[in-house]
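Heads up: the structure comes next, in structure tokens.
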Amino acid sequence: MFRKAFRYRLYPNKEQQAGLAVQFGHARFVYNWALATRNAHYREHGTDLGYYPLKRMMTELKRSPDYEWLKEADSQVLQAKVEDLNRAFVNFFEDRARFPRFKKRHGRQSIRYPQRFKFDGDRIYLPKVGWVKIVLHRPLEGKPKSLTVSKTKSGEYYASVLCEVEADVSPNGKPSVGVDLGLKDFAVLSTGEKVEHPKYLKHAERRLKKLQKRLSRKKKGGANRDKARLLVARQHEHVARQRSDFLHKLSRRLVAEHGAIHLEDLNISGMLANRKLAKSISDSGWGMFGRFCEYKAEWYGSRVVRADRFYPSSKTCGVCGCINRDLALADRFWTCGNCGAHHDRDENAAINLLHETTAGAAGSSRPGRGCKTDSPNGGTHASRNREAQPF
């Protein structure tokens, strides 16, 4: 049994949009109130306020004469926000996320229905909102467990249905593949295949620059500024959808065709400190690609294996194991001075990732020593003969 989400477009009418605005606003208030209450309790008592005491306090808050308007929202939607805050703190304490922050009125809004939603043809019933038109472009699988309704910055509504699906996830027995992620090509496989980098943000920069310039010239608080802001938001969302679609299709193909995907454990947050490459790295979506591969691998009987972050996959000769310690980022091809093998930098890295993660944490049987290597410019790089050290 595993859980799978299905996302559909919603088309609420004016009255339903007003009802959803009430749900979004009240849920955001409860989340911010719960976060402020939890922070104040810690400052005053030095101990954390748990989920269940906070949930009971929220129930008492709704009974207060000053907050009777909270009853306009669905009770389970408000309880779900307290649960979301508790999950945010759990992720923070386990070093998976930063400290929870207050939610803002502007930006993406979302609420979660744990139950009591239902489908009827091309409509879906949302408590306290009614029957809303939905486009079911693909059928649901399994048993629906919860529903998340979201509104984007551009004003589009979506419903994400989390379903519990039963399937055979035994190993598929297909061959493994090493994948080297980069900026020149998005991915180079150990099979020799190169996946071209789509560079969606770079292609949209001219249009975004024009829209941002129009937005900056509009008077703040005016209706024309809101229209210009929506155009900018829609363009950014279009780029994000293009990137997500590309990563979904590539990750699904890889896990369906291979029994194991061997990736490098990249320090993406550290790489973003390079101001010359930060935009290109962010546009690539390497972290998102890795997450997509990991959860899709469970569906197709595959698995994702991560190589050590300091393993020199690009500098190691895939034939003899010698390390070219002086290989520069601009060197796209190089020749090993020990065995004479000529390497494509990225393809060699993909092959090494496949071999390194297959060999396991104990390491490979290759010597891994430094070697004298010919540079692409005709000279030589001399490195000391020493055992390979992670870097």
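One table, with the values for the structure above:
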{"read-out": "Inter-probe distance in nm under a simple model that places probes 7 Å from Cα toward Cβ, at Val319 and Leu230", "value": "6.2"}
{"read-out": "Least to most buried among Thr47, Thr148, Thr316 (fewest other Cβ within 10 Å first)", "value": "Thr47, Thr148, Thr316"}
{"read-out": "Semi-axes of the equivalent ellipsoid for segment 176-307, Cα gyration tensor, largest first, Å", "value": "35, 16, 12"}
{"read-out": "Lys/Arg +1, Asp/Glu -1 at C-beta; the chain dipole; positive extreme among Gln16, Leu254, Pro175", "value": "Gln16"}
{"read-out": "Global form of segment 248-351, assessed from the alpha-carbon gyration tensor, a/c cut-off 1.5", "value": "oblate"}
{"read-out": "Least to most buried among Met1, Met57, Met271 (fewest other Cβ within 10 Å first)", "value": "Met1, Met271, Met57"}
{"read-out": "Segment 2-165: radius of gyration over Cα atoms, expressed as a fraction of 2.2 N^0.38 Å", "value": "1.10"}
{"read-out": "Per-pair calculated FRET efficiency, R0 = 45 Å: Ser160 and Arg214 via Cβ, rounded to 0.05", "value": "0.90"}
{"read-out": "Listed residue pairs exceeding 23 Å between alpha carbons, taken from Lys71/Lys104; Lys151/Lys219; Lys104/Lys145; Lys81/Lys145", "value": "Lys151/Lys219; Lys104/Lys145"}
{"read-out": "Cα lying deepest toward the dipole's positive end in the chain, options Ala278, Leu354, Phe2, charges on Cβ", "value": "Ala278"}
{"read-out": "Rounded if a/c under 1.5, otherwise prolate or oblate - segment 1-78, Cα gyration tensor axes", "value": "oblate"}
{"read-out": "Interchain or long-range residues, amide H under 5 Å from Arg303's placed H", "value": "Ala260, Ile261"}
{"read-out": "Label selected from [x] 47, 25, 23; [y] 51, 24, 18; [z] 43, 37, 26, the criterion being semi-axes √(5λ) of the Cα gyration tensor in Å as computed here", "value": "[x]"}
{"read-out": "Total charge dipole magnitude, segment 2-165, about the Cα centre, Cβ charges on Lys, Arg, Asp, Glu only, Debye to nearest 20", "value": "420"}
{"read-out": "Ellipticity estimate at 222 nm from DSSP helix runs (n ≥ 4, -39,500 (n - 2.57)) divided over the chain, nearest 500", "value": "-13500 deg cm²/dmol"}
{"read-out": "Relative exposure of Phe2, Phe289, judged by other C-beta atoms within 10 Å (fewest first)", "value": "Phe2, Phe289"}
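All of the numbers you see were taken from the coordinates with simple rules; none came from a lab. The structure displayed is predicted, hence computed values, not measured ones. Because the Cβ atoms are built from the backbone with ideal geometry, glycine has one as well, and the counts that use them run over all protein chains shown.
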